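Participant: Pasting in a structure now, in structure tokens, and then I'll have a few things to ask.
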Amino acid sequence: MYWSQIEGGLKVKKSKPIAMESRVFVVLCIMGLFAILSSTMSKNPVLKPFATSLGAPNDLVGLVASASTIPGLLVSLPAASLSDVFGRKRVLLFSDQRLEQNHFFQFSS
């Protein structure tokens with residue numbers, strides 16, 4: 001942080017110029033956006049024909065497509081709070097580790 005001395009002995013915090021950390025954060029946000037969009041685009045065109053070929057009604061197909069977003073909505077706020085407490089890097093590493101363990105156990109059984 002940058003501090004400047006002004007008259008009367010008060011210190012005022014100045015904002016930093018855009019640093020590499022900010023650019024990395026923006027890049028990660030854009031990557032997350034593309035990951036979510038690609039997941040949604042790959043699921044939606046394939047889900048309806050596949051489910052209807054199995055005999056699922058249209059209402060159920062719509063419910064399944066919309067229900068896949070609910071866990072993301074429920075997990076986002078607690079995850080943001082945890083990243084405020086423990087830091088972004090630790091929370092991302094922890095969640096990535098859990099995701100990899102899930103994939104390992106899913107494919108090993």
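Participant: State the Kirkwood hydrodynamic radius of segment 17-108 in Å, one decimal place, computed from all pairs of distinct Cα atoms.
Facilitator: Working: mean 1/r = 0.0621 Å⁻¹.
Final number for the Kirkwood radius of segment 17-108 is 16.1 Å.
Participant: Another question, if that's okay. At 7 Å along the Cα-to-beta-carbon direction for both ASN102 and LEU33, put a label point, then send me their distance in nm to one decimal.
Facilitator: 2.5 nm
Participant: Estimate the FRET efficiency between PHE94 and VAL64 by the formula 1/(1 + (r/R0)^6), using the beta-carbon distance for r and 35 Å for R0, to the nearest 0.05.
Facilitator: E between PHE94 and VAL64, to the nearest 0.05, is 0.75.
Participant: What residue among VAL91, LEU60, ILE30 has its Cα farthest toward the positive end of the dipole of segment 17-108, where the charges are +1 on Lys, Arg and -1 on Asp, Glu, each on the Cβ?
Facilitator: Comparing the listed Cα positions along the dipole, ILE30 ranks first.
Values quoted throughout were computed directly from the atomic coordinates according to the rules given, and no laboratory measurement underlies them. No experiment lies behind these values; they were computed from the predicted model shown. In this analysis, Cβ positions are derived from the backbone assuming ideal geometry, glycine residues included, and neighbour counts consider all displayed protein chains.
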